[in-house]
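Asker: A single structure is presented below for examination.
The values are calculated or read from the model by the stated rules, or taken from the named source; none is laboratory data. As the structure is a computational prediction, the values presented were derived from the model and not from experiment. When we count neighbours, we look across all protein chains shown, and the Cβ atoms used for this are built from the backbone with ideal geometry, even at glycine.
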Amino acid sequence: MKKSLLFVAVAGLIAGTAQAQATKVAIGMSGWTGFAPLTLAKEAGIFAKNGLDVTIKKIPQKDRHLAIMSGDIQCAATTVETWIAWNAAGVATTQIFQLDKSFGADGMVVKPNITKIADLKGKKVAADAPGTATYFTLAWMLKKNGLSIKDVEVVNLSPQAAANAFIAGNAQIDAGMTYEPFLSAVRAKPEAGKIIATTLDYPMIMDTFGCTPKFLAENPKAAQALATSYFQALEMIKNEPKKAFEIMGADVKQSGEAFEASQKFLRWQDKAANQKFFAGEHAAFSKEAADLLLEAGIIKQLPDMSKLADTRFIQ
């Protein structure tokens with residue numbers, strides 16, 4: 001009896017110690033399909049297995065840097081160019097692994113009378129606030145078609161609100177910028193508007209995960225665990241797709257089948273893809289993106305471009 005009690009006490013002590021050693025980390029992100037493996041890593045216990053006590057906070061992209069500044073979160077998921085804007089604004093953050101690349105998951109919806117992007121000159125276009133992915137996508141697509149952000153009237157709407165405006169038949173908006181899973185809602189109702197361009201036409205939306213330099217310096221093992229957990233979540237998607245899609249879909253109020261359909265418009269990036277991306281593509285894209293951010297007035301000066309990424313955790 002005494003041995004049994006002793007065993008229970010020791011087991012409890014070990015469990016308590018293990019729990020106490022779990023590193024707490026708060027992650028800011030949205031319901032964007034590309035970020036879903038992070039949700040999977042939490043809900044399927046992958047983060048916990050790797051010694052992390054993760055809290056995921058759904059924070060609009062336009063406010064995520066404010067949460068970092070306040071200390072409410074230590075890490076975040078967002079588009080590559082957004083890290084440039086945050087660092088240029090004095091919010092020190094470093095990318096540590098790539099999450100996804102959009103293959104048609106981000107797009108521009110237009111009214112039937114719009115036949116090409118150049119037709120948008122002087123028109124009203126719905127996009128999120130400056131410094132967000134949809135605003136940047138709009139600026140990028142306009143530039144590639146001989147226009148600038150100053151040639152259109154931007155109406156600030158979130159990606160979901162922009163899609164809903166078209167579905168509801170809002171006559172005041174000529175075009176809108178949105179992404180999955182909201183873009184699929186527009187695809188399902190073609191009479192609401194047509195998708196004139198996506199990231200299949202303009203491959204420029206890539207998402208990465210990063211943290212504050214302070215968190216990385218103080219918690220290198222936790223940073224490694226975050227990257228490892230992400231790659232393990234991708235393995236789960238490959239090995240247990242039905243279960244994984246149901247978990248990820250539930251987070252954005254989609255069925256597993258609907259989520260599976262929406263994720264076909266992007267590619268999650270495994271370790272090998274990460275290594276290839278950060279070997280050259282990341283720096284090249286960051287330079288072009290930074291030039292556009294300056295031109296659009298989103299940033300006033302370049303941040304230290306050499307400190308945007310730390311590739312230790314994907315080796």
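Asker: Which ones in region 224-243 are buried (at least 19 other Cβ atoms within 10 Å of the Cβ) and without any contact (Cβ under 8 Å) to a residue 12 or more places away in the chain?
Answerer: none
Asker: Please go through (1) assigned by TED's automatic domain parsing to the domain that holds residue 84; (2) not in a helix (DSSP H, G or I) for residue 177 and return the number of the only condition it doesn't satisfy.
Answerer: (1)
Quick grid of which residues meet (1) within 18 Å of residue 231 (Cα to Cα); (2) assigned to a strand (DSSP E or B); (3) not assigned by TED's automatic domain parsing to the domain that holds residue 268:
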{"residue": "35", "(1), (2), (3)": "yes, no, no"}
{"residue": "39", "(1), (2), (3)": "yes, no, no"}
{"residue": "42", "(1), (2), (3)": "yes, no, no"}
{"residue": "48", "(1), (2), (3)": "yes, no, no"}
{"residue": "54", "(1), (2), (3)": "yes, yes, no"}
{"residue": "65", "(1), (2), (3)": "no, no, no"}
{"residue": "72", "(1), (2), (3)": "no, no, no"}
{"residue": "78", "(1), (2), (3)": "yes, yes, no"}
{"residue": "82", "(1), (2), (3)": "no, no, no"}
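Asker: Filter region 120-140 down to residues that are surrounded by fewer than 17 Cβ atoms within 10 Å (Cβ to Cβ) and charged (D, E, K, R) and give me whichever is nearest to the chain's Cα centre (by Cα).
Answerer: Going residue by residue through region 120-140, those that are surrounded by fewer than 17 Cβ atoms within 10 Å (Cβ to Cβ) are 121-124, 129.
Still in the running and charged (D, E, K, R): 121, 123-124.
Details: 121: 29, 123: 28, 124: 26 Å.
Within region 120-140, the match that is nearest to the chain's Cα centre (by Cα) is 124.
Asker: Among what's in region 84-99 and is assigned to a helix (DSSP H, G or I) and out of contact with any Gly (no Cβ under 6 Å at 6 or more places or on another chain), pick the residue that is surrounded by the most Cβ atoms within 10 Å (Cβ to Cβ).
Answerer: Here is the first cut: in region 84-99, the residues assigned to a helix (DSSP H, G or I) are 84-88.
Still in the running and out of contact with any Gly (no Cβ under 6 Å at 6 or more places or on another chain): 84, 86-88.
On the way: 84: 25, 86: 23, 87: 21, 88: 19.
Once the filter is applied, the top-ranked residue is 84.
Asker: Which residue out of 209, 259, 245 is assigned by TED's automatic domain parsing to the domain that holds residue 70, aromatic (Phe, Trp, Tyr) and in contact with a strand residue (DSSP E or B) (Cβ under 8 Å, 6 or more places away or on another chain)?
Answerer: Numbers: 259 fails: in contact with a strand residue (DSSP E or B) (Cβ under 8 Å, 6 or more places away or on another chain); 245 fails: in contact with a strand residue (DSSP E or B) (Cβ under 8 Å, 6 or more places away or on another chain).
Being assigned by TED's automatic domain parsing to the domain that holds residue 70, aromatic (Phe, Trp, Tyr) and in contact with a strand residue (DSSP E or B) (Cβ under 8 Å, 6 or more places away or on another chain) holds for just one of 209, 259, 245, which is 209.
Asker: Can you tell me which residue among 287, 264, 276 is surrounded by fewer than 17 Cβ atoms within 10 Å (Cβ to Cβ), modelled with pLDDT under 95, assigned by TED's automatic domain parsing to the domain that holds residue 85 and within 27 Å of residue 83 (Cα to Cα)?
Answerer: On the way: 287 fails: modelled with pLDDT under 95; 276 fails: modelled with pLDDT under 95.
Every option except 264 fails the conditions.
Asker: So the check is Cβ under 6 Å with 6+ separation or different chains; which pairs have a first residue in region 148-159 that's in contact (Cβ under 8 Å) with a residue 24 or more places away in the chain and in the same structural domain as residue 118 (by TED's automatic domain parsing) and a second one that's in a strand (DSSP E or B) and surrounded by fewer than 20 Cβ atoms within 10 Å (Cβ to Cβ)?
Answerer: Matching pairs, first to second residue: 153/124; 155/124.
Asker: Just to be sure before I move on: is residue 249 closer than 23 Å to residue 60 by Cβ, in a helix (DSSP H, G or I), at pLDDT 95 or above and within 18 Å of the chain's Cα centre (by Cα) in the structure I sent?
Answerer: Numbers: closer than 23 Å to residue 60 by Cβ: yes; in a helix (DSSP H, G or I): yes; at pLDDT 95 or above: yes; within 18 Å of the chain's Cα centre (by Cα): yes.
So residue 249 passes the test.
Asker: For region 126-168: of the residues being in contact with a Phe, Trp or Tyr (Cβ under 9 Å, 6 or more places away or on another chain) and assigned to a strand (DSSP E or B), which is nearest to residue 110 (Cα to Cα)?
Answerer: In this case the residue turns out to be 126.
Asker: Exactly one of (1) at pLDDT below 95; (2) small (Gly, Ala, Ser); (3) more than 16 Å from the chain's Cα centre (by Cα) is unmet by residue 34. Its number?
Answerer: (3)
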